[in-house]
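The values are calculated or read from the model by the stated rules, or taken from the named source; none is laboratory data. Just so we're clear, the structure is a prediction, and the values are computed from it rather than from any experiment. Note: ideal-geometry Cβ built from the backbone for every residue, glycine included; neighbour counts use all protein chains shown.
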Amino acid sequence: MEKVRLSKLMSEQGLCSRREADSYIERGWVMVDGQPVTELGTKILPTQKITLNKAAQSQQSQRVTILLHKPIGYVSGQAEQGYKPASVLVVPDNHYSGDTSAIRFSPRHLQGLAPAGRLDIDSQGLLVLTQDGRIAKLLIGDESTIEKEYLVRVSGKLSENGLALLNHGLSLDGKPLKPAKVSWQNQDQLRFVLREGKKRQIRRMCELVGLRVVGLKRVRIGRVMLGDLPPGQWRYLRENERF
């Protein structure tokens, strides 16, 4: 059996991100078979037991994940072409009054806060911002199978067999798309459930079957719903919520 970098195994096992793993190793917070490992680049067997000490667990428990109802006109990540990033909305004045978590806002919650996934500038709905590498990996890692649900208003005439193709059979950028769940909600609105997130995927899928997207809203990521969170407002992910 071949040895693997400890930080890679920690990420694959969902203990933390690779960057966090390196930080924990340097601080002596990582144990392999009960023994602390402090050297970066250490390789171990995949069968060996990795644990984090209480200091690492405590630091992880203090990391926050924020659910934002991103309005149209904001970009998900870094500012671009004069458009503001959605993270600028995470201020006390925009904190949802119906937030039932026990977390009180602190400026340190903005440090290292990054979007776990994208939502186009002309789309709205649920955007996850997190300090926790485990959640980022769960939502956007290569192995992620988390569903994302969208309500999509469309115009145009759906091509014959178009609905079947939206569910399975289309390709983008020369690669076949994973099966989706697509159904009509009403005469001008489709419901999409995807397990992948290529750039402008839904808009491009619709164009391939004769439709044009005129409105797109993400309403669910995994088991977490947008619910009645108003546009431009945010709340904390609660302890009892899981994607």
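Out of region 211-234, which residues are in a loop (DSSP other than H, G, I, E, B) and touching a residue at least 60 places away in the same chain (Cβ under 8 Å)?
The first filter runs over region 211-234 and keeps only residues in a loop (DSSP other than H, G, I, E, B), leaving 222-223, 226-233.
Gly222, Leu226, Asp228, Leu229, Pro230, Pro231, Gly232, Gln233, listed by residue number.
Given the options Thr47, Thr38, Thr42, Thr51, name the one that is touching a residue at least 40 places away in the same chain (Cβ under 8 Å) and not charged (D, E, K, R).
Numbers: Thr38 fails: touching a residue at least 40 places away in the same chain (Cβ under 8 Å); Thr42 fails: touching a residue at least 40 places away in the same chain (Cβ under 8 Å); Thr51 fails: touching a residue at least 40 places away in the same chain (Cβ under 8 Å).
Step by step, each of Thr47, Thr38, Thr42, Thr51 is checked, and only Thr47 is touching a residue at least 40 places away in the same chain (Cβ under 8 Å) and not charged (D, E, K, R).
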Give just the number: which of (1) charged (D, E, K, R); (2) modelled with pLDDT under 95; (3) more than 28 Å from Gly98 (Cβ to Cβ) does Lys181 not satisfy?
(2)
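Return yes when Pro85 is surrounded by fewer than 19 Cβ atoms within 10 Å (Cβ to Cβ) and either touching a helix residue (DSSP H, G or I) at 6+ places or on another chain (Cβ under 9 Å) or farther than 22 Å from Ser17 by Cβ (or both) and no when it is not.
Numbers: surrounded by fewer than 19 Cβ atoms within 10 Å (Cβ to Cβ): yes; either touching a helix residue (DSSP H, G or I) at 6+ places or on another chain (Cβ under 9 Å) or farther than 22 Å from Ser17 by Cβ (or both): no.
So Pro85 does not fit the description; no.
Go through region 3-13 and count every residue that is exposed (fewer than 13 other Cβ atoms within 10 Å of the Cβ) and either at pLDDT 90 or above or small (Gly, Ala, Ser) (or both).
Let us first name the residues in region 3-13 that are exposed (fewer than 13 other Cβ atoms within 10 Å of the Cβ), namely 3, 13.
Pick out the ones that are also either at pLDDT 90 or above or small (Gly, Ala, Ser) (or both) and you get 3.
Residues that pass the stated criteria total 1.
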Out of all the residues in region 147-156, is one or more of a type outside the set (D, E, K, R) and farther than 21 Å from Ile121 by Cβ?
yes
Kindly list, by first and then second residue, each pair from a residue in region 187-205 that is outside the structural domain of His168 (by TED's automatic domain parsing) to a residue that is assigned to a strand (DSSP E or B), limited to pairs with Cβ atoms under 8 Å and residues at least 6 apart or on different chains.
none
Could you tell me whether region 85-92 includes any residue that is touching an Asp or Glu at 6+ places or on another chain (Cβ under 9 Å) and either in a helix (DSSP H, G or I) or farther than 24 Å from Arg223 by Cα (or both)?
no
Selection from region 11-49 of residues that are in a helix (DSSP H, G or I) and either of a type in the set (Lys, Arg) or farther than 15 Å from Gln59 by Cβ (or both)
Ser11, Glu12, Arg18, Arg19
Residues in region 60-84 that are in contact with a Phe, Trp or Tyr (Cβ under 8 Å, 6 or more places away or on another chain) and touching a residue at least 12 places away in the same chain (Cβ under 8 Å): how many?
10
Might you let me know whether region 104-115 holds any residue that is crowded, with 18+ Cβ neighbours inside 10 Å, free of Cβ contacts under 8 Å to residues at least 60 places away in the same chain and within 27 Å of Val214 (Cβ to Cβ)?
yes
State whether one or more residues within region 176-184 are surrounded by 18 or more Cβ atoms within 10 Å (Cβ to Cβ) and in contact with a Phe, Trp or Tyr (Cβ under 7 Å, 6 or more places away or on another chain).
yes
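When you scan region 30-41, do you find a residue that is under 16 Å from Thr130 (Cα atoms) and charged (D, E, K, R), even just one?
First, pick out the residues of region 30-41 that are under 16 Å from Thr130 (Cα atoms): none.
So far as region 30-41 goes, no, none of its residues is under 16 Å from Thr130 (Cα atoms) and charged (D, E, K, R).
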